[in-house]
Amino acid sequence: NFYFMEMNTRIQVEHPVTEMVTGIDIVKEQFHIAEDSGLSITQKDVVLKGCAIECRINAEDPDRGFIPTPGVVKFIHLPGGLGVRVDTHLYAGYKIPPYYDSLIAKLIVHDQDRPWTITKMRRSLSEMVIEGIPTTIPFHLRLLIDDDFNKGNITTHFISDKFKL
């Protein structure tokens, strides 16, 4: 018998984390399946390497209860480098509408282990600049310098307990 906690008919928004630690392009594999070609890999080809973390950057103000912050992006600078991936549709002049999901970018980093990955994420978030609207970048930076987070001492209530939101 098979039991599922969750099932989606779409690819998960977090799929880049899996892609970073396996080196497998999941979307490409989906196309292989859709073309009736089958998977180009086998289970033994799936080898986990290192650690990856994804920060979902939202057009929200964390200091005001994460309320959405529609508006116009005046300037954008994205981080880069080995093990850094940014998925976004933003550009200077883009108008963020108030009607849809506030997700504006996904920043994914990969490195050899959790401490190095956290360090790389802090650097990448510090280099990421989105001017014109408040974003969750400062919140992610606060989270990544927290001792309990860095030690892995977290629960499902970590954010609400630690940051009194």
*Might you check whether a residue that is under 28 Å from Phe139 (Cβ atoms) and of a type in the set (A, V, I, L, M) occurs anywhere in segment 57-66?*
yes
*Among the strands (runs of 3 or more DSSP E) contained in segment 50-165, which hold 2 or more residues that are exposed (fewer than 12 other Cβ atoms within 10 Å of the Cβ)?*
75-77
*Qualifying positions in segment 140-150 - out of contact with any Leu (no Cβ under 9 Å at 6 or more places or on another chain) and either under 18 Å from Asp63 (Cβ atoms) or outside the structural domain of Gly81 (by TED's automatic domain parsing) (or both)*: Arg142, Leu143, Ile145, Asp146
*For segment 99-122, enumerate the residues that are touching a residue at least 40 places away in the same chain (Cβ under 8 Å) and over 18 Å from Thr88 (Cβ atoms).*
Asp111, Gln112, Asp113, Arg114, Trp116, Thr117, Ile118
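Results for (1) modelled with pLDDT of 95 or more; (2) not aliphatic (A, V, I, L, M); (3) not assigned by TED's automatic domain parsing to the domain that holds Glu14, shown as yes or no for each residue.
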| residue | (1), (2), (3) |
| --- | --- |
| Ile76 | yes, no, yes |
| His89 | yes, yes, yes |
| Asp101 | no, yes, yes |
| Leu125 | yes, no, yes |
| Thr135 | yes, yes, yes |
| Gly152 | no, yes, yes |
| Thr156 | no, yes, yes |
*Quick check: anything in segment 106-118 more than 20 Å from Val21 (Cβ to Cβ) and among the basic types (Lys, Arg)?*
no
*Residue check, Glu60 within 22 Å of Thr9 (Cα to Cα) and either of a type in the set (Ser, Thr, Tyr) or at pLDDT 95 or above (or both)*: no
_Restricting to segment 9-39, and then to whatever is in a helix (DSSP H, G or I) and among the charged types (D, E, K, R), can you tell me which residue is surrounded by the fewest Cβ atoms within 10 Å (Cβ to Cβ)?_
Lys28
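The values are calculated or read from the model by the stated rules, or taken from the named source; none is laboratory data. Note that the coordinates shown come from a computational prediction; the quantities given were computed from them, not determined experimentally. In this analysis, Cβ positions are derived from the backbone assuming ideal geometry, glycine residues included, and neighbour counts consider all displayed protein chains.
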